[in-house]
Amino acid sequence: QVQLVESGGGLVQAGGSLRLSCAASGSMFFSMYAGWYRQAPGKQREMVATISSLFTTNYADSVKGRFTISKDNANKMVYLQMNSLKPEDTAVYYCNAGLRTQTYWGQGTQVTVSS
């Protein structure tokens, strides 16, 4: 069983930065893929960024060049550095990790960007 706990959300002005953190449990973390997803009110959950067990990254077009995902296997952490934030980035952000057919989700952290 893997538990994921997000932190680092909050209120920030447009143009500002935030770093989201996701603390993971479990001995197989080093071999897992991970990612960040977000869900805005009235919208479906969408992929923001993913990172494979070999550290290959993938980003949604809307965040390319502004967000950076990273994975620290030694400390079982996943990060999302968010720069140049826009009001449309406002959402609940969820950490995701998985291995083969098993996938896990955190409880989410709210990010609000004011204009």
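The values are calculated or read from the model by the stated rules, or taken from the named source; none is laboratory data. For clarity, every value in this text was computed on a predicted model and none was experimentally measured. Quick reminder, even Gly has a Cβ in these numbers, built from the backbone with ideal geometry, and neighbours come from all protein chains shown. Please note that ligands, DNA and RNA were not included when accessible areas were found on the heavy atoms of the full protein model with its side chains. Shrake-Rupley method; radii C 1.70, N 1.55, O 1.52, S 1.80 Å.
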Response to the item:
When (1) within 16 Å of residue 39 (Cα to Cα); (2) out of contact with any strand residue (DSSP E or B) (no Cβ under 8 Å at 6 or more places or on another chain) are applied to residue 64, the one that fails is (1)
Worksheet item: Taking interchain pairs and intrachain pairs at least six residues apart, which have beta carbon atoms under 7 angstrom, with the first residue in segment 83-105 and closer than 24 Å to residue 72 by Cβ and the second small (Gly, Ala, Ser) and surrounded by 21 or more Cβ atoms within 10 Å (Cβ to Cβ)?
Response: 94/106; 95/106; 96/34; 96/35; 97/24; 97/34; 104/97
Discussion item. Step by step: first the residues of segment 1-30, then only those that are farther than 13 Å from residue 94 by Cα and hydroxyl-bearing (Ser, Thr, Tyr), then the one that is modelled with the highest pLDDT. Which residue is that?
Written reply: 17
Discussion item. I'd like the residue in segment 17-35 that is open to solvent by 20 Å² or more (accessible area, probe 1.4 Å) and assigned to a loop (DSSP other than H, G, I, E, B) and, out of all such residues, is nearest to residue 52 (Cα to Cα).
Written reply: 28
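Just to be sure, is residue 75 outside any loop (DSSP other than H, G, I, E, B) and free of Cβ contacts under 8 Å to residues at least 60 places away in the same chain?
no
Here is a check on your reading of the model: is residue 43 basic (Lys, Arg), over 15 Å from the mean Cα position of the chain (by Cα) and either surrounded by fewer than 18 Cβ atoms within 10 Å (Cβ to Cβ) or not in a strand (DSSP E or B) (or both)? Give the steps one after another, and end with the answer.
Values: basic (Lys, Arg): yes; over 15 Å from the mean Cα position of the chain (by Cα): yes; either surrounded by fewer than 18 Cβ atoms within 10 Å (Cβ to Cβ) or not in a strand (DSSP E or B) (or both): yes.
Against the criterion (basic (Lys, Arg), over 15 Å from the mean Cα position of the chain (by Cα) and either surrounded by fewer than 18 Cβ atoms within 10 Å (Cβ to Cβ) or not in a strand (DSSP E or B) (or both)), residue 43 qualifies.
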Worksheet item: open to solvent by 30 Å² or more (accessible area, probe 1.4 Å), in contact with a helix residue (DSSP H, G or I) (Cβ under 7 Å, 6 or more places away or on another chain) and modelled with pLDDT of 95 or more: does that describe residue 76?
Response: yes
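Could you list, in sequence order, all residues of segment 46-72 that are among the aliphatic types (A, V, I, L, M), over 21 Å from residue 114 (Cβ atoms) and assigned to a strand (DSSP E or B)? If you could, list the steps in order and put the result at the bottom.
From segment 46-72, those among the aliphatic types (A, V, I, L, M) are 47-49, 51, 54, 60, 63, 69; that's our starting set.
If we keep only those that are over 21 Å from residue 114 (Cβ atoms) too, we end up with 47, 49, 51, 54, 60, 69.
The answer is 47, 49, 51, 69.
Filter segment 34-56 for residues that are more than 21 Å from residue 9 (Cβ to Cβ), in contact (Cβ under 8 Å) with a residue 12 or more places away in the chain and hydroxyl-bearing (Ser, Thr, Tyr) and give the result. So that I can check it myself, show each step before the final result.
Going residue by residue through segment 34-56, those that are more than 21 Å from residue 9 (Cβ to Cβ) are 52-56.
Checking the rest, the ones that are also in contact (Cβ under 8 Å) with a residue 12 or more places away in the chain come to 52-53, 55.
Those that are more than 21 Å from residue 9 (Cβ to Cβ), in contact (Cβ under 8 Å) with a residue 12 or more places away in the chain and hydroxyl-bearing (Ser, Thr, Tyr): 52, 53.
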Worksheet item: Is it the case that some residue within segment 105-114 is more than 19 Å from residue 10 (Cα to Cα), surrounded by fewer than 14 Cβ atoms within 10 Å (Cβ to Cβ) and either in contact with a helix residue (DSSP H, G or I) (Cβ under 9 Å, 6 or more places away or on another chain) or not aromatic (Phe, Trp, Tyr) (or both)?
Response: no
